[in-house]
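Working notes, structure below.
Quick note: the coordinates plus some simple rules give every number you see, no bench work behind them. Every value quoted in this text rests on a predicted model; they were computed, and no experiment measured them. Heads up, the Cβs are rebuilt from the backbone with ideal geometry, glycines too, and the neighbour counts pull from every protein chain shown.
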Ligand SMILES: [Fe+2]
C-alpha cells in the first residue's frame, strides 16, 4: 500500500483508503479502482491524499459488479450482486408522488400501530396474541413500504412520546422491510422478515415493567431477567400457525452477535441467519437513535458510525455497510440544520454524494416556518459549476426547536 497525493492519482489505480472517513465520501469503504475521469476529479476534490494498492492495478473489478456474499446461515449463502444502489430513485419520485405515498403509508402505519399496541397489551395481561391480524396488516405494510420506501422511512423518525415499545416494533419492521428490499430479498422473504421484526420483542411483555422502564443502568440480576425475552417470545409464539420458522428465528436470535458474545445461545458468524442479522441491525439502530427512558437518542449519523465500528464483532462489516448504503448517512426524515440556521427535513438519500441529499426547508434563518416548504437539492452546483449553495451543518433534535415531525408529515400528506 502506497500513500500518494491526489494530483498523482491516475486512471486504473486501485484506491484502498482515503485520508478521511469513508462515510464522508461517496466511495465504497472496501476499496475501488479509479475507472473514470469523473471519479478522478471527485477524488481530487474530496481528498488531499489516498492510499493505493499497486498489486491490484488493471485487474480490479468495480465494487458494484463484485459479488458480495452475505451469509444466510449455514445452508443458503445469498449473493448480493443485486443490492439496490438507486435509493435516490427509490427515495424520490417528485413532490406529488411523495405526498400521495405519505397519505397511504400514514394510514397503514396507524392501523398497524394500534394493532401492535393491543397485541402487546394482550400478551402483557395473559391473553392470546392476535397474530393472524398482525400478519395481514404486516403484508399491507410490506406492500406500502416496498412501494413507497421514502415515505415509510420518514415515519420511523416520529417522536414516540410516552409510548416506546409499539413504535420501536413498528420502526424495526419498516427498517427491516426497506433493508430486505435493498438486499434484493423476495417479497415472500420480506413478509416473514417484517412479521418477525414486528414481533421481535414480544417476550418483553413478560419482563417486569419496573425493569423495562428503569432509568439508568440495570444490575446484573436485572439484565439476566431482560435476557430471557428472546426465549419468552419464542414460547409465546411457537404454537401460532401464522408465525413461520423464520419469524421464530428472528424472535429467538435477534440478540445473537457474530462474535459469539450475544444471547441466548452465543451463536457465531454464519450460524446466525441473514434475516436475523437484518433485524438485529434495524433493532440496534432504532434503539440507539430513539429517546428512551434510560437514554437520549443520538443523531442517526453518529449511531451509524458507532455501529460501523461494532460491525466486525456484532453484525458483519458487509451487512453494516449495506445498511448504511440503504438508509444513507442522513436518513430520510432526519431534521437537519443548513447554512444560516435554516432547518429542513431530509427527503431522499443520494448514494453518489452521501452528504448532499434532497431537503425540504421548514424554517427560515429567522426561525419562521416556510409556508410552502420548498425543496432544495444539496448536490446541485451553482450556475457555472461552483460549489453547491447549501450544505448540512448538523443533525438536530426536533425537540430542541419544538418541531413535531408527525404533524409535518400530516401537513405534507394533507391529512
Ligand atoms: Fe430484544
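A few notes on this one:
- Paramagnetic label reach from residue 242 (point 7 Å along Cα→Cβ; backbone nitrogen cut-off under 19 Å): within the stretch 133-147, residues 133-145.
- Segment residue 96..residue 8, full-extension length gain: 27.0 nm, with 0.36 nm per residue of separation and the alpha-carbon distance subtracted.
- Relative counts (whole %) of C-alpha pair distances in the stretch 293-415, using bins that are 5 Å wide: 2, 10, 18, 20, 18, 14, 9, 5, 2, 0, 0
- Using the Cβ-Cβ distance between residue 41 and residue 127 with R0 = 60 Å, the FRET efficiency computed as 1/(1 + (r/R0)^6) comes to roughly 0.45.
- Under the simplified labelling scheme, the residue 389-residue 261 pair shows an inter-label distance of 4.9 nm, with each label point 7 Å from Cα along Cα→Cβ.
- The stretch 256-331-the stretch 137-197 distance, computed between alpha-carbon centres (Å): 16
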